[in-house]
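Remarks on the structure that follows.
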Amino acid sequence: MDHYKLFIDGEFVDAESGATFESIDPGTELPFATVSQAGTAEAEAAIEAARRAFDRGDWSGLTPAARAEKVYDFADQVTQQTLSLAITEAMDAGQVIGLSKYWGMLGSQLLRNLAYYAATSFPWEEEIPYAGNVFAPGRDFIRREPVGVCVGIIPWNFPASMAFWKIAQAIIMGNTIVLKPASATPLTALIIAEAAKAAGIPKGVINVLAGPGGELGKILCTHPDVDKIAFTGSTEVGREIMKMASDTVKKVTLELGGKSANIILDDADMDLAVNGAVFGTFFHQGQVCESGTRVLVSSKIYDEFIDKMKRRAEALGVGYQLFPTSHMGPLVNGIQLATVERYVKLGQKEGAELLTGGKRVEAEGITGGFYYAPTIFTNVKNNMRIAQEEIFGPVVCVIKYDSDDEAVAIANDSIYGLGGGVFSSSTARAEGIARQIRTGTVWINNYHSFGDFCPFGGYKQSGVGRELGHSGLSEYTQIKRIHVNSYAATESHFTMAILSDDIKIDFVQYNCPTNVISGHGCLSSIYKEIVNLNCRRALILTDPGVRDAGLTQLVQDALVDFCVGVFDDIAQDTDLDIVDAAAAMARELKADCIVSVGGGSVIDTAKAVCVTLRNGGRANDHIALYRLQEPQTPHIVIPTTSGTGSEVTNVAVIKSKAAGRKVYIVDTRIMPNTAILDPRFTMTLPPALTATTAMDAMTHAVEALTSTMAQPICDGQALQAIRLIRENLPKVVANGRDEKARGNLQIAATMAGWAFTIAQVGLAHAMAHTVGILHNVPHGAACGILLPKVMRFNVDYAADKLAMAAQALGVNTAGMDDREAALAAADAIEMLMKEAGHPMRLQDVGVPEEGLDMAAFHAIADVPALFNARPVNDPQEVLELYKQVY
Ligand SMILES: NC(=O)c1ccc[n+]([C@@H]2O[C@H](COP(=O)([O-])OP(=O)(O)OC[C@H]3O[C@@H](n4cnc5c(N)ncnc54)[C@H](O)[C@@H]3O)[C@@H](O)[C@H]2O)c1
């Protein structure tokens, strides 16, 4: 009798205790080999060897391509073992030779296929193109790395195949493995180990133990040096393994039991379907986890179907597995035979009808052996135990159904979800059903068909994770994210600054892709701009106020034949529905660019429209920070107010009814392509709007100047904007026809826009957004009212910057310290507002006093509050500010 040894740390060894056990041929019940029986010492030695090998790095540290070279050698050695694998598998597991002869070929192909994929296509490293976090500037990428020491525990039905799956996936991905085959069928795994040794796979990378599952399983599943367990077997044992693995929180993948439905539709090709049902159940004596053991047959074809299925099953040859004419061999052992006999009795007791089989069979020319006839139960109800529990033998339940929906419901009425089939002559109908079945695999007009690149695994209690293909290989890796900070200096550190009370963020990302054209009559450059953008079909976006002021017509005239339409239905402080309506019109008219003519409401709508057009779907799909990767739909802006600066900023602010607040798209990609600052477009702006929109720009400038992210580029722009507003706003208030002053206010707004694109804004904006959304206060008016109070609130955190603002505001700061000058700046802004007739209190713009506490709470969570010079975390302080200006 042949003797097989354990494979530990690259050597074939006997157990320290000297214990052995016999392998029994289930076709004759005679022993044909002895095997060393591993105990605790061997299990620990194998785990230690695998740990050492992994940590040594002579396998885990190789490149996937270098590992693949070795795996190809391994595959060649496996091919050389084809005959030995075929005979041994047949004698150990009872597989007919017609099946077991394939393992040499299939195993070596699996090794080659997966190793090639891992070496050439598997995404070991991937750039993350967008962090989705404005506070994490830098490069992010992920690496997939081996998990470490893996344990593979495999069943007795397909010992060679399962050994190949576990070994191949683990080692190809750089792991090491301790494999424990079922004690009934340990031999072929040890032959595979021989092939690995002959191929020079480093010692300890593959270890194979033979012995009792209970004792060895306990050590393997609880040992702290084991990182992952991949188990194939019964759901019952799977549950135990998950429990054992939980103490040391191992990664676990489980491929467990099933009670799969094979649905035969009324339009199925009858002979194909009958063969599918027979093959789906009786292949390898039904000892297959994903067998189609519930055959659901349409009542329209039921009688003919079961008649043919019966005849087909009775024609199957049950015999000794090494005889080439045998279709079916023995069950694996006496225990399994007893289980099958018990279930057949139970089925009869439950009222199912035994159509054929239901008895043991003697194999011709052989004494002994665990042979059982292919058995069909009809008249089965899905709630019977024979239809709910896994029998794991040649027993099939046929269930009649009336409609496709009923078939799907029966198929899904199971604790399992592993496989299943649909037989139909309509692929569309079969696919429709396949989509509704909650299992890991569905075959259409086929059964038991596997592919090295096709994932296999279960829904529900059929398992966790997947085997094979990309998904299977991924299960043998860990994901590591690596972040490389772009601004590696303390002062540039936004995230760590959260622990600081005096935040200064000293990094700059100055990106000004917008082509800014300014001056009287510069509208006429629009035609050339459209051509430069390679566009021909402009849709104008505007609002009724701007249209009624005659400004839209000016643009239409300038565009001549490049204008395909006008959308003028934009409300003040636009919302997502308006964006969707404008995008729908743009799609209908096949617009290839957007020209926005108006204030911030129009421009922001247009920005969101451009993103929606480029990326499809609805505006709400695109509310995100830094996610866009390509240029958006071209956008030309003609601002008509004195305020937002949105023509050059990377922000779109939109009201969302669903979110109950303003939401943002922030992205460099939404900065408009061209801004045309033609002062003629602001000449019609009424005095009140001139004042409030100019104060919006002023707020941008002051808040950017004092922001935690301020730096000299934005300081320069902010200070010049402050200067221009202070000089020109009184002139425009005095004379709305002063075109020079109007033009300067427009430029101030654009410069303030640049400044805040770099440095963001602060608390005044957060507070303005909040009362804006709660009480419909125009944005500029709210900003203006709140700005001086917020400046005073910030005084001890930004005195130097506010002192600079004081000078830009024309305050004579001689003899003042920074703090005094900062407070004088706030006073100067209040004076400017009064001079411009700007509202000074929230009640002037219709804010009710009750509910301010709610506004305060929302304000501290609004994004701009994060950049405020003074940290704001206390809603009480914010409420105090609201009250001061109420
Ligand atoms: N994206 C950004 O960078 C940014 C910056 C600041 C503000 N915003 C947003 O901008 C919006 C406010 O924009 P806004 O203050 O420009 O106001 P707005 O666009 O809402 O316009 C206000 C009113 O002014 C009228 N109007 C505009 N120009 C006119 C003209 N020349 N003649 C006559 N009437 C005219 C409009 O018809 C409208 O009724 C807010 O939603 C705010 O959140 C965005």
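The values are calculated or read from the model by the stated rules, or taken from the named source; none is laboratory data. Model, not experiment: these values are computed from the prediction. Note that each Cβ is placed from the backbone with ideal geometry, even for glycine, and that neighbours are counted across all protein chains shown. Surface areas here come from the heavy atoms of the whole protein model, side chains and all, with no ligands, DNA or RNA. Shrake-Rupley method; radii C 1.70, N 1.55, O 1.52, S 1.80 Å.
Sorted from longest to shortest, the spans of the Cα atoms of region 13-64 along the three principal axes equal 48, 28, 13 Å. Gain on full extension, evaluated as 0.36 nm per residue between Asn532 and Ile482 minus their Cα-Cα distance, stands at 14.0 nm. Counting only DSSP beta bridges whose two residues both lie in region 62-209, roughly 25 percent are antiparallel.
Listed values for region 804-820 are Karplus-derived 3J(HN,Hα) couplings in whole Hz (6.51 cos²θ - 1.76 cosθ + 1.60, θ = phi - 60°), namely 5, 4, 4, 5, 5, 7, x, 6, 7, 9, 4, x, 9, 7, 4, 5, 5, and x replaces Gly and Pro. In percent, rounded to a whole number, the relative contact order of the chain is 9, using alpha-carbon pairs under 8 Å and six or more apart. In terms of the mean number of neighbouring beta-carbon atoms within 10 Å, the peptides 843-854, 376-387, 177-188 order highest first as 177-188, 376-387, 843-854. Give the separation of the Cα centroids, region 455-469 to region 190-218, in Å. Cα centroid of region 455-469 versus Cα centroid of region 190-218: 24 Å apart. For Met854 and Arg56, a Förster radius of 51 Å and the Cβ-Cβ distance give a FRET efficiency of 0.25, rounded to the nearest 0.05.
Taking amide H as placed 1.01 Å from N in the peptide plane, the amide H of Phe567 sits under 5 Å from that of Ile540, Leu541, Thr542, each at least 5 places away or on another chain.
Shape call for region 290-446 from the C-alpha gyration tensor, a ≥ b ≥ c root eigenvalues: rounded (a/c under 1.5), prolate (a/b greater than b/c) or oblate?
Details: a/c = 1.88, a/b = 1.67, b/c = 1.12.
Taking the square roots of the gyration eigenvalues as a ≥ b ≥ c, region 290-446 is prolate.
Using a probe radius of 1.4 angstrom, the carbon and sulfur fraction of the accessible surface of the chain is 52%. In this calculation the C-beta distance from Lys657 to Arg435 is compared with R0 = 41 Å, giving a FRET efficiency of 0.75. Counting only alpha carbon atoms, the long axis of helix 779-793 and the longest principal axis of the chain meet at about 90°.
Per Stokes-Einstein, at 37 °C and 0.692 mPa s, what whole-number D in µm² s⁻¹ belongs to region 131-283, with the Kirkwood radius over Cα pairs as the hydrodynamic radius?
Working: Rh = 18.0 Å.
This corresponds to a translational diffusion coefficient of 183 µm²/s.
The amide H of Asn515, built 1.01 Å from its N in the peptide plane, has Thr674, Ala675 as neighbours under 5 Å, considering only residues 5 or more places off or on other chains. Region 68-110 has equivalent-ellipsoid semi-axes of 22, 8, 7 Å, by the square roots of 5 times the alpha carbon gyration tensor eigenvalues, sorted largest first.
Over 27 Å apart at the Cα level, from the set Lys166/Lys250; Lys349/Lys400; Lys5/Lys203; Lys308/Lys349; Lys657/Lys834; Lys259/Lys308, are Lys657/Lys834. Roughly how many Å is it from the Cα centre of region 1-68 to that of region 302-375, as a whole number? Taking the Cα centre of each part, region 1-68 and region 302-375 sit 35 Å apart.
Oblate is the label for region 184-264. Its Cα gyration tensor axes, ordered a ≥ b ≥ c, give a/c of at least 1.5 and b/c at or above a/b.
Unpaired cysteine residues in the chain (no second Cys Cβ under 4.7 Å): Cys150, Cys221, Cys289, Cys397, Cys454, Cys512, Cys522, Cys563, Cys610, Cys714, Cys783.
The protection proxy used here, the mean number of other Cβ atoms lying within 10 Å of each residue, ranks peptides 275-285, 426-436, 874-884, 162-172 as follows, highest first: 162-172, 275-285, 874-884, 426-436. With both residues required to sit in the chain, DSSP beta bridges show an antiparallel share near 40%. Packing, as the average of other Cβ atoms within 10 Å across residues, places the peptides 800-812, 302-314 in the order 800-812, 302-314, highest first. Computed from the C-alpha gyration tensor, the three semi-axes of the ellipsoid equivalent to region 460-614 are 44, 27, 17 Å, from longest to shortest. Accessible surface area normalised per residue over the chain is 38 Å², counting heavy atoms of protein chains with a 1.4 Å rolling probe. Report summary: the helix-based calculation at 222 nm, which adds -39500 (n - 2.57) for every DSSP H run with n ≥ 4 and divides by the residues of the chain, gives -13500 deg cm²/dmol.
Rg/Rh for region 651-782: what does it come to with C-alpha atoms and Rh from Kirkwood?
Rg/Rh for region 651-782 comes to 0.97.
Within a straight-line Cα-Cα reach of under 18 Å, Lys590 can be paired with the following lysines, leaving aside sequence neighbours fewer than 8 residues apart in one chain: Lys607. In a fully extended conformation the segment linking Leu272 and Ala734 would gain 157.2 nm over its present Cα-Cα distance, using 0.36 nm per residue. Scattering from region 1-111 was approximated by placing one identical point on each alpha carbon and applying the Debye formula without solvent; log10 I(q)/I(0) at 0.11 1/Å stands at -0.50. Taken as Cα centroids, region 248-270 and region 651-673 sit 46 Å apart, rounded to the nearest whole angstrom. Extending 7 Å from Cα along the Cβ direction at Asn383 and again at Gln843 yields two label points whose distance is 7.1 nm. 3J(HN,Hα) along region 673-688, derived from phi through the Karplus expression 6.51 cos²θ - 1.76 cosθ + 1.60 where θ = phi - 60°, amounts to 6, 9, 10, 10, 9, 9, x, 4, 7, 9, 4, 8, 5, x, x, 4 Hz, with x in place of Gly and Pro. In this structure, the amide hydrogen of Ala210, modeled 1.01 Å from its nitrogen in the peptide plane, lies closer than 5 angstrom to those of Ala38, counting only residues at least 5 positions away or on a different chain. Here the Debye sum runs over all C-alpha atoms of the chain as equal scatterers in vacuum, and log10 of I(q)/I(0) at q = 0.06, 0.10, 0.11 Å⁻¹ comes out as -0.62, -0.97, -1.07. Enumerate the residues in region 93-132 having an amide nitrogen under 18 Å from the point lying 7 Å beyond the Cα of Glu145 toward its Cβ. Label zone hits: 123-128.
For region 503-618, averaging the sequence separation of C-alpha pairs within contact (under 8 Å, six or more residues apart) and dividing by the residue count gives a relative contact order of 28 percent. The shape of region 591-670 comes out oblate: with a ≥ b ≥ c from the C-alpha gyration tensor, a/c is at least 1.5 while a/b does not beat b/c. Only beta bridges with both residues in region 624-778 are counted; by DSSP, about 65 percent of them are antiparallel. How much of the calculated P(r) for region 205-252 lies past 12 Å, in percent of all Cα pairs? Every Cα pair in region 205-252 considered, those over 12 Å come to 62 percent. Each Cα pair under 8 Å and six or more residues apart adds its separation to the average, and for region 442-585 the resulting relative contact order is 13 percent.
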